[in-house]
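S.K.: Have a look at the structure that comes next, please.
Read-outs throughout are calculated quantities, based only on the coordinates presented, and are distinct from any laboratory measurement. This structure is a prediction, so every number in the text was calculated from the model and none was measured. Here the Cβ is made from the backbone with ideal geometry for all residues, glycine too, and neighbour counts use every protein chain on show.
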Amino acid sequence: MSFKNHKSFALLSLLVLAGLLAWGCASTSSVKKRTQEIEDKLNAQTQQLDQKISGVDAKAEEAKKMADDAWKKAEEAARSKGYAGYKVIGEREVNFDFDRYDLSKISKDILDEIGTMMQQKPELILEIAGHTDNIGPDEYNVILGDKRTESVRRYLADKFDIAIYRMFQISFGESKPKALNDTMSGQAANRRAVLMFLGPSE
């Protein structure tokens, strides 16, 4: 091989080597950039998840506060009407379909018995507590439980002319389940309104 050919070969080798080095640097830079992008995306997703968890905790606390406030208002209303010292003398409950607050035929039959008794015993007052299963946000279930108590109260007031001040409403949402919510039958049992009759202490 001539000197000229040696020189050309050496020059070609240097160009190839320079190209490989440049490609290697570009590849390393590309990998680093892609790794940083993935890391940034994961950090953003983690931050979003943390915010959602914080939001759920805040909503659960708000729902609990709503239930506590409703209970206090019911107690204050009872005292203002001279019902302080009343005790529970009986309890019934009516059930609801999923995400519904309208009364079934069975529920109306039960409420007819209660309405008749409330008419016959004007000294009695009624506490209506609304409950739900664990499906859906806490604050929504508190509202749904309240709608269920309102359905009961309105039915008794309209059909039996029971005075509104004799019926106190409170919604616990999903916070006080009757049964475990891990089965369909348990969830169905929790979709209810509990009616407690209170009368004067002997």
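S.K.: Tell me which residues come under 5 Å, amide H to amide H, from Glu93 once H is placed; ignore anything under 5 positions away on its chain.
M.R.: Leu195
S.K.: A further question on this structure: With charges only on Cβ, +1 for K and R and -1 for D and E, what is the dipole size of the range 82-202 about its Cα centre, in debye, rounded to 20?
M.R.: The calculated dipole for the range 82-202 is roughly 200 debye.
S.K.: Nearest 20 debye, what's the magnitude of the dipole of the range 134-192 about its Cα centre given +1 on Lys and Arg Cβ and -1 on Asp and Glu Cβ?
M.R.: Computed charge dipole of the range 134-192: roughly 280 debye.
S.K.: Tell me, what ³J(HN,Hα) does each residue in the range 153-163 have, in order and in whole Hz, if you take phi through Karplus 6.51 cos²θ - 1.76 cosθ + 1.60 with θ = phi - 60° and put x for Gly and Pro?
M.R.: Running phi through 6.51 cos²θ - 1.76 cosθ + 1.60 with θ = phi - 60° gives 4, 5, 4, 5, 5, 6, 7, 10, 6, 6, 4 Hz.
S.K.: Can you tell me the order of 103-109, 125-131, 89-95 when each peptide is scored by its average per-residue count of other Cβ atoms within 10 angstrom, highest first?
M.R.: On the way: 103-109: 13.3, 125-131: 24.3, 89-95: 15.4.
Going by the mean number of other Cβ atoms within 10 Å, highest first, we get 125-131, 89-95, 103-109.
S.K.: Would you be so kind as to identify which of Ile114, Phe172, Ser185 lies farthest towards the positive end of the dipole of the range 97-202, taking Lys and Arg as +1 and Asp and Glu as -1 on Cβ and the Cα centre as origin?
M.R.: Ile114
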